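Notes to accompany the following structure.
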Amino acid sequence: MNLFDVYPLNDITITKASGSYVWDDNGIQYLDMYGGHAVISIGHTHPHWVKRIEEQLAKIAFYSNSVKMPIQQELATKLGQVSGKEDYQLFLCNSGAEANENALKLASFHNGKKKVVAFHGSFHGRTSLAVSVTDNKAIIAPINETDNVIFLPFNDEDALKACFEEQGDQVSSVIVEGIQGVGGIHLANESFLQLIRSLCDAHNAVYIADGVQCGYGRSGKFFYHDYAGVDADIYSMAKGMGNGFPVGGILISPSIQPKYGMLGTTFGGNPLACAAALAVLEVIEQENLIEMAKQRGMYLINKLKGISEIENVRGKGLMIGFDVPPKLKDLKKTLLHQFNVFTGESKPNVIRLLPSLALTRKQSDEFLEALKEALETLQVPESQEAH
Ligand SMILES: Cc1ncc(COP(=O)(O)O)c(C=O)c1O
């Protein structure tokens, strides 16, 4: 049987990982500035995370959500402490798309309305509702097309006000990434998030903060949305939550009431996933990783701004992007194949940095050095290349 061929792959097989490094099957070491797509929060194979999962595995890996699982409450309590959203409720699932799917559905159950406001450049996942609020026609199948989604320009406060004036009574929810990731690292303005909050309050709509990529400490606060000083009604989470163990969830404001059967899942909240998620929060706390991400991000952004060949350096914490001019279009490949550094990208010309929150200062310098050398390599005039 063949694999269903949907991923354009790098010709690299990774067989080992530790902290911010991975190794391939030839023993070559790579610096991971991509974090397996923003997933590695506390560092690859962190010993506490490995131990927590192993200990849980030896006790029980799975039972369905038909019995009490105290480890779910343990996770909810810890998550409340670390995120500061102690009065919120936690629903556990398995991925980012599923988290957003549940958030959008719950919003509609809550206020009985159907329309969703989403933004140009957004990415919220590939399942039915999540993909319909994603601004990429190429991944929306005919069956996912709907008139219920209103796409507005990102950060356009006038467009948002006008939309609510016209059809606020029909808007069930507004879904917004604090920092657009797949869209190319674009930060929501604080005043924009504050306006979403006030319009949702005025029109009985639900503010959904997609924190799947920018959440879990990556931005230097638990949720990037916290920079705006307002609370969302629902926060979706996934990537960094399990450090590679598949787990997702939504934090739900106390104003939204649960009902039996309203949401549900077979695997969500299984003991093994909870153990992984608890280990992540424990390490985030013990190693002060949210503050570390903030500091390291400032350091990197500052240094990157001093590199003249790259453009529009932007980001917050360890979610950083910059534009690559057309003549340096091979920068990502050069970093990977000649300098053994993984980075992320956003088409057409953005390099995204999404490393572990435990990236050290030394590793940051190692990246900056590799970047400078790669830029030099790419700028050698063609006449010299033959020599
Ligand atoms: C902001 C955002 N939301 C949702 C998702 C979907 O997450 P998953 O791939 O776990 O379904 C992603 C994935 O990249 C994302 O970046």
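The values are calculated or read from the model by the stated rules, or taken from the named source; none is laboratory data. Since we're looking at a predicted model, the values are computed, not measured. Positions of Cβ are generated from backbone atoms using ideal geometry, with glycine treated the same way; all protein chains shown enter the neighbour counts.
Things to note:
- Selected residue (criterion: surrounded by the fewest Cβ atoms within 10 Å (Cβ to Cβ)) from residues of the range 7-60 that are out of contact with any Leu (no Cβ under 9 Å at 6 or more places or on another chain) and among the basic types (Lys, Arg): 59
- Residue that is surrounded by the most Cβ atoms within 10 Å (Cβ to Cβ), among those in the range 88-127 that are more than 19 Å from the chain's Cα centre (by Cα) and of a type in the set (Gly, Ala, Ser): 107
- Selection count, the range 171-203, where residues are within 16 Å of residue 110 (Cα to Cα), touching a His at 6+ places or on another chain (Cβ under 9 Å) and not small (Gly, Ala, Ser): 2
- Residue within the range 88-96 that is hydrophobic (A, V, I, L, M, F, W, C) and without any contact (Cβ under 8 Å) to a residue 12 or more places away in the chain present: no
- Applying a threshold of 7 Å to beta carbon distances and a minimum spacing of six or more residues, or different chains, the list of pairs starting in the range 1-16 at a residue that is at pLDDT below 95 and ending at one that is outside any loop (DSSP other than H, G, I, E, B) reads 10/336.
- Picking from residues in the range 193-231 that are among the small types (Gly, Ala, Ser) and in contact (Cβ under 8 Å) with a residue 40 or more places away in the chain, the one that is farthest from residue 277 (Cα to Cα) is 205.
- Options 137, 161, 113; residue that is more than 21 Å from residue 237 (Cα to Cα), in contact (Cβ under 8 Å) with a residue 60 or more places away in the chain and in the same structural domain as residue 237 (by TED's automatic domain parsing): 113
- Checking every residue in the range 84-94 against the condition of being under 26 Å from residue 168 (Cα atoms) and hydrophobic (A, V, I, L, M, F, W, C) gives zero matches.
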